[in-house]
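The values are calculated or read from the model by the stated rules, or taken from the named source; none is laboratory data. Everything numeric here is computed off the predicted structure, so don't read it as measured data. Every residue, glycine as well, gets a Cβ built from its backbone with ideal geometry; the counts of neighbours run over all protein chains shown.
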Amino acid sequence: MPFTTVNHIRLHYEDAGAGPALLLLHGWGTSGRVWQSCLPDLVRDHRVVTLDWRGCGRSDHPAEGNTIAGVADDLAGVIEALGIHPTVVGSSIGGVFATELALARPELVERVVAVDSPGYWPSTGMLDKVRDLRERLVDDRFGTFEDWVPHWVAGAAPGLVAWTIRQLLDSGVYIDELFTECTTYDPRPRLGDLKVPITYLHGELDAEIPLEVPRTCAALTPGARVHVLAGCGHLPHQEDPRAFTAALRSII
């Protein structure tokens, strides 16, 4: 299993295929394994890197640096270490990291695909929920995930829910600080400065982040597009990998 050390943190990644590079970023608390069903198709003609960002999966779980800027800086280090110029595909908060990386270091990024990214929503449309989650994760971590994760998918998917909860429990507790930061995060004033092409790929039935979020962000971002995946919730790359991969190919 390959690792690279960036900012004194050992990060796990997997690297397969050849061609234009893709860097795939998972959502909060899961791991690079969430992309497994998409990989066989993508590696046919792309170099695909899946990363466990700090605090998650097989990477180190440090107590410090668990911020949006900290993770974005890690990503810049990984890209430089691997010598790639990727399309960065980020699921959920991974889409925030991808956007912030592109704003800070546009020379490193070919394009961004933000998949069901929360954007400004945690600090506006779901502020009370995020604050409540932050508290409940301290009091009853497992019970909080049992209540919350089923809402991430559209329709019944007990296997996916159970596997997601297991990954969340395996990740470090220090990434909970991202919830606190998200209560004040709002990228909208800076989206007009984005120099990298971005597409907002969003599940039609996402119960966490409504479609108004990517549509609002796209309206503020020069040249941005919105692609809606019918029948999917917050995890379209796992709920319908074939449809997701086809949509991603139409973008890249």
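When you go through VAL226, VAL173, VAL213, VAL196 one by one, which is the residue that is out of contact with any Phe, Trp or Tyr (no Cβ under 9 Å at 6 or more places or on another chain) and either closer than 18 Å to VAL89 by Cβ or buried (at least 19 other Cβ atoms within 10 Å of the Cβ) (or both)?
VAL196
If you scan the range 103-146, which residues turn out to be aromatic (Phe, Trp, Tyr), surrounded by 17 or more Cβ atoms within 10 Å (Cβ to Cβ) and over 17 Å from the mean Cα position of the chain (by Cα)? Within the range 103-146, just PHE145 meets the criteria. If only residues of the range 127-164 that are modelled with pLDDT of 95 or more, out of contact with any Ser or Thr (no Cβ under 9 Å at 6 or more places or on another chain) and part of a loop (DSSP other than H, G, I, E, B) are counted, the one that is farthest from GLY223 (Cα to Cα) is ASP140. Looking across the range 181-203, just one residue is over 16 Å from LEU101 (Cα atoms) and either among the small types (Gly, Ala, Ser) or modelled with pLDDT under 95 (or both), and that is GLY203. Taking residues in the range 17-37 that are on the phi > 0 side of the Ramachandran plot, and partners anywhere that are polar (S, T, N, Q) and outside any loop (DSSP other than H, G, I, E, B), the pairs with Cβ atoms closer than 8 Å and at least 6 places apart or on different chains are GLY29/GLN167.
Scanning the range 221-240 for residues that are among the β-branched types (Val, Ile, Thr) and in a loop (DSSP other than H, G, I, E, B) yields one hit, THR221.
The residue pairs whose first member lies in the range 138-167 and is under 16 Å from GLY233 (Cβ atoms), whose second member is among the hydroxyl-bearing types (Ser, Thr, Tyr) and in a loop (DSSP other than H, G, I, E, B), and whose beta carbons are closer than 7 Å, counting only pairs six or more residues apart or on different chains, are THR164/THR30.
When ALA243, ALA218 are checked against the criterion of being without any contact (Cβ under 8 Å) to a residue 40 or more places away in the chain, in a helix (DSSP H, G or I) and in contact with a Lys or Arg (Cβ under 7 Å, 6 or more places away or on another chain), ALA218 stands alone in meeting it. The residues listed here are GLY32, GLY77, GLY70, GLY19; of these, the one that is buried (at least 19 other Cβ atoms within 10 Å of the Cβ), out of contact with any helix residue (DSSP H, G or I) (no Cβ under 9 Å at 6 or more places or on another chain), small (Gly, Ala, Ser) and over 11 Å from ILE175 (Cβ atoms) is GLY32.
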